[in-house]
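No lab work stands behind these numbers, since they all come straight from the coordinates. Everything numeric here is computed off the predicted structure, so don't read it as measured data. Here Cβ is always computed from backbone atoms with ideal geometry, including for glycine, and neighbour counts include all displayed protein chains.
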Amino acid sequence: MKTGKMPDLSIEQTCEGIVAGIDEAGRGPWAGPVVAAAVILPDDIPETLRYGLNDSKKLKPADREHLFAEIRASADYGIGAASVAEIERDNILAATFTAMRRAVARLDRLPATALVDGNKLPPDLPCEGRAIVKGDGLSLSIAAASIVAKVVRDRALAALGARYPAYGWERNAGYGTRKHQDGLAVAGVTPHHRRTYAPIAKMLFPGESQTPDIG
């Protein structure tokens, strides 16, 4: 399923108590919510997870779906999202942190430590937090969260794509691919587009200088 350096439990083993991994999906796309997941792996991790988990971006869609099913069957996980309206109001970084806090709140147990992918921690976490740069390739817990967030968000964008077929969201998950750009040129901006993002703002407010809101 994967080769090379694998995420493991080395970071988790430096923490005391229950450890959750946190990651998000959807900071860069031009449309749709940002989704975060928090995952507490079981003490007895199934081999399919111990040796199959990795950064979701490095896995094939079918492998992500299979691992997502395994995580759902064996782990404690929570999913949180922040809407397009929240992204536009607060900026994408703040909205991502909101989604992460919501994901932790939906866990069955409060972790002692949350390992968060990236170099910044959400404020007001209800537990100790550690930011882990490229954590989805280092920590099994974060890798599991990356898969949950990615699968849940991809499914949400595929459902939106069925309602708005011009943009190819079922394949590009809202990223600015050629299909998405062509759809914008033909069908225009939908309520699910992030209007504070430069490509969308440029269509709505031509001639104005815009900076991408990607946090």
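Filtered by the rule that a residue be hydroxyl-bearing (Ser, Thr, Tyr) and surrounded by fewer than 24 Cβ atoms within 10 Å (Cβ to Cβ), segment 16-64 gives Thr48, Tyr51. Screening Ile147, Ile92, Ile142 for residues that are under 21 Å from Gly17 (Cβ atoms) and not aromatic (Phe, Trp, Tyr) leaves exactly one candidate, Ile142. If you go through segment 108-129 and keep only what is more than 16 Å from the chain's Cα centre (by Cα) and either polar (S, T, N, Q) or crowded, with 17+ Cβ neighbours inside 10 Å (or both), you end up with Pro111, Thr113, Leu125, Gly129. All told, Met100 falls short of being within 19 Å of Ala85 (Cβ to Cβ) and surrounded by fewer than 17 Cβ atoms within 10 Å (Cβ to Cβ). Considering every residue within segment 180-200, establish whether at least one is buried (at least 16 other Cβ atoms within 10 Å of the Cβ), of a type outside the set (Asp, Glu) and within 30 Å of Gly52 (Cβ to Cβ). Among the residues of segment 180-200, not one is buried (at least 16 other Cβ atoms within 10 Å of the Cβ), of a type outside the set (Asp, Glu) and within 30 Å of Gly52 (Cβ to Cβ), which makes the answer no.
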